[in-house]
Amino acid sequence: MSTEERDHTNCRVPTCPLLGTMSSNTTGTKDWDCFLHFGRNAAQRKAIDSQLDHWNWLAIITRKLRDRSTESWADNYRSAKQEIIVHKQPELLIQKGESVSKWLVRLEKFLSDQCTQDVPQLPSLSEKMNIKDSWEKCNFNDLVPV
Ligand SMILES: [Zn+2]
């Protein structure tokens, strides 16, 4: 086992380049998920990861743009625009009059739409809660990120 400290600002899915911003644990945890992986079961994560592999460059852009605390933010902003051009997605460029915040929301929405389009749907939480069979109740744990 590695003793290397994991960066706990990252999403806990090891291959995911996004920040871990969401947790269902209310008692304090180091394990956080990004907005794509939060609340997904194994099958859903697999579908997301196969898309995220393709859109990895965009995920990295959104992460860099979100982190405005760094001195390199201006460089990140410029390189984001270049990456978008290189990947031939001109509709993702910041629009005239669009604020960076709105642009970032648009990029993350696009990323989310692309990565979740093939995700198998789960029964709703209320449907799950009404399940009477105890074996089915065990599978309720599928909703909890592993
Ligand atoms: Zn993630």
task = Convert each backbone phi in segment 12-20 into a coupling constant with the Karplus relation 6.51 cos²θ - 1.76 cosθ + 1.60 (shift: θ = phi - 60°), then list the ³J(HN,Hα) values in order as whole Hz, x for Gly and Pro.
result = 6, 6, x, 8, 7, x, 8, 6, x
note = Between residue 118 and residue 88, Cβ-based FRET efficiency (R0 30 Å, step 0.05) works out to 0.85
ask   = If contacts are Cα pairs under 8 angstrom and at least 6 residues apart, what is the relative contact order of segment 42-123 in percent?
value = 51
ask   = How far apart, in nm, are two points set 7 Å out from the Cα along the Cα-to-Cβ line at residue 98 and at residue 77?
value = 1.5
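Among the listed pairs 30/81; 88/109; 64/109; 81/102; 46/81, which are separated by more than 23 Å between their Cα atoms? Walk me through the numbers on the way to the answer.
Values: 30/81 33 Å; 88/109 18 Å; 64/109 16 Å; 81/102 15 Å; 46/81 29 Å.
Violating the 23 Å limit, Cα to Cα: 30/81; 46/81.
Every number here is computed from the coordinates shown, using simple stated rules; none is lab data. The structure presented is a predicted model; accordingly, all values stated were derived computationally and were not measured. Ideal geometry is used to build each Cβ from the backbone, glycine not excepted, and the neighbour counts take in all protein chains shown.
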